[in-house]
Amino acid sequence: MSFVHHHAPHAKPGPGDVCLAIHADRLLARPDVSQAAQLPCCGDISGLAEDHAPPLLHVGALDGRACWLRAVGGSEAPALAGWEWHDTRALLGVFTPAQSHAVSCARQLLWWDRRHRFCGVCGTATVEVVEERARRCPQCGALYFPAVSPAVIVAVTRGDELLLAHNRNFRPGMFSLLAGFVDPGETLEQAVVREVSEEVSIRVNNLRYISSQPWPFPNSLMLGFRATHADGEIEVDGKEIEQAGWFKRTALPDIPRPGTVARQLIDAWLRE
C-alpha cells in the first residue's frame with residue numbers, strides 16, 4: 001500500500017477514485033474509525049458544497065487509485081449519509097502510512113493553493129502551471145511552489161527519565177516533547193539545542209536523528225531527534241511552556257495520541 005504524489009493537470013476524476021474531502025481541520029470518513037479509516041470515492045461526494053478552491057484537485061495515487069482533494073466550504077457543511085466529519089488529528093492513529101501521506105499532501109496543497117491566489121510581488125491573480133506543481137504570476141513571472149516549514153521535536157532523557165512539557169496550546173493535562181520551528185540559516189541540530197534552551201533553560205548533547213513525519217497543521221515537516229541532558233535545571237519560559245518535568249516510565253502523564261512522531265519517540269523510549 002502506498003501513496004505517490006504527482007501533478008496531472010489534465011486528469012479527470014472517475015467515480016471510483018479516492019476523494020479526500022476536507023472541511024477546515026476535518027476529514028470525511030466512515031463513522032466507525034476504531035480500526036481503520038475508510039475514505040470516500042469521488043462518486044460518493046456529490047452534493048458536498050465546494051469552497052473557492054478548484055472543485056477537485058488531483059493529488060496523486062493512493063493504493064493504485066487516483067486521489068483527489070475536495071475542499072468543502074460553509075460553516076456547517078453537513079456530512080453525507082453514511083459518512084461523518086472527523087478531526088484529522090484523531091484519525092492519525094488509524095490511518096495506514098499511505099493514507100497519512102495522502103492526507104498530509106492534500107492538506108498542505110490546499111493550504112498553499114489558498115494562500116497563493118495572488119502574486120506577493122505585484123498583486124496579480126496567479127494561474128496554475130501545467131508543467132509542474134506551481135502557480136505563476138502572468139504579470140511579473142514570479143513562481144510559487146508548495147512550501148514546507150521544517151520543525152524539530154526531541155526526546156530528551158536523563159538517566160531513566162524523559163523530559164515532557166505542557167504547552168499552553170495543548171489540551172488540559174497533556175504533556176509532550178519539546179518542539180519548535182527551524183530558524184533561517186539554522187541547522188536542525190542547532191534548532192534542537194536552541195529550542196530546548198529557550199523553552200526549559202537546559203543544555204543537551206548526544207543528538208541523533210530518528211525519523212520524520214509530515215505535519216499538515218498547516219504545512220510542517222516534523223523531524224524527530226533523541227538527546228541527553230547535559231546540564232542545567234528546568235526553568236520554563238512561561239510563554240509557550242507552562243509546565244515541564246522529568247518523568248519515569250511508570251509515572252507518565254497524558255501523552256500524545258498514537259500516529260504522531262511525538263508518540264513514536266516516546267514509545268521507542270518506553271520499549272528500551
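Throughout, read-outs are computed from the coordinates displayed, never taken from laboratory work. Quantities reported herein were computed from a predicted structural model and do not represent experimental measurements. A quick note on method: Cβ atoms are made from the backbone with ideal geometry, for glycine too, and the neighbour counts reach across all protein chains shown.
Return one number: the angle in degrees, 0 to 90 and rounded to the nearest 10, between the long axis of the Cα atoms of helix 97-114 and the longest principal axis of the Cα atoms of the chain.
Relative to the chain, helix 97-114 is tipped by roughly 70 degrees.
Take each of the peptides 172-181, 205-214, average the number of other beta-carbon atoms within 10 Å over its residues, and list them starting from the highest.
Highest to lowest by the protection proxy: 172-181, 205-214.
Tell me the relative contact order for the range 149-271 as a rounded percent, counting alpha carbon contacts under 8 Å between residues six or more apart.
Answer for the range 149-271 is 34 percent.
Under the definition of Cα pairs under 8 Å and six or more residues apart, what whole-number percent is the relative contact order of the chain?
Worked out over the chain, it gives 16 percent.
How high is the relative contact order of the range 9-167, in percent, with contacts defined as C-alpha pairs under 8 Å that are six or more residues apart?
In percent, rounded to a whole number, it is 19.
Across 5 Å bins from 0, what is the distribution of all Cα-Cα pair distances for the chain, in whole percents?
Here the calculated profile for the chain is 1, 5, 11, 14, 15, 14, 12, 11, 9, 5, 2, 0, 0.
Which value in nm describes the separation of the simple spin-label points at residue 38 and residue 257, placed 7 Å from the Cα toward the beta carbon?
With each label placed 7 Å out from Cα toward Cβ, I get 1.9 nm.
Could you compute the FRET efficiency for residue 211 and residue 231, with r as their C-beta to C-beta distance and R0 at 35 Å, rounded to 0.05?
Efficiency at R0 = 35 Å is approximately 0.80.
Counting only helical runs of four or more DSSP H residues, what would the 222 nm mean residue ellipticity of the chain come to if each run contributes -39,500 (n - 2.57) and the total is spread over all its residues?
It lands at -5000 deg cm²/dmol.
Could you order the peptides 141-152, 94-105 from most to least packed, using the average number of other C-beta atoms within 10 Å per residue?
Working: 141-152: 15.4, 94-105: 20.3.
Final packing ranking: 94-105, 141-152.
Quick one: 153, 255, fewest Cβ neighbours within 10 Å first, how do they rank?
On the way: 153 25, 255 19.
Neighbour counts put them in this order, fewest first: 255, 153.
Against the longest principal axis of the chain, how steep is helix 188-200, in degrees 0 to 90 to the nearest 10, with axes from Cα atoms?
That helix lies at roughly 60 degrees to the long axis.
Among DSSP beta bridges lying fully in the range 3-114, give the percent that are antiparallel, nearest 5.
If we restrict to bridges inside the range 3-114, about 75 percent are antiparallel.
Pop out the Kirkwood hydrodynamic radius of the range 3-114 from its pairwise C-alpha distances, inverse of mean 1/r, in Å to one decimal.
Answer for the range 3-114: a Kirkwood hydrodynamic radius of 13.8 Å.
Calculate, axis by axis, the spread of Cα positions in the range 149-271 along the three principal axes, and write the results as whole Å, longest axis first.
36, 30, 29 Å, listed from the longest principal axis down.
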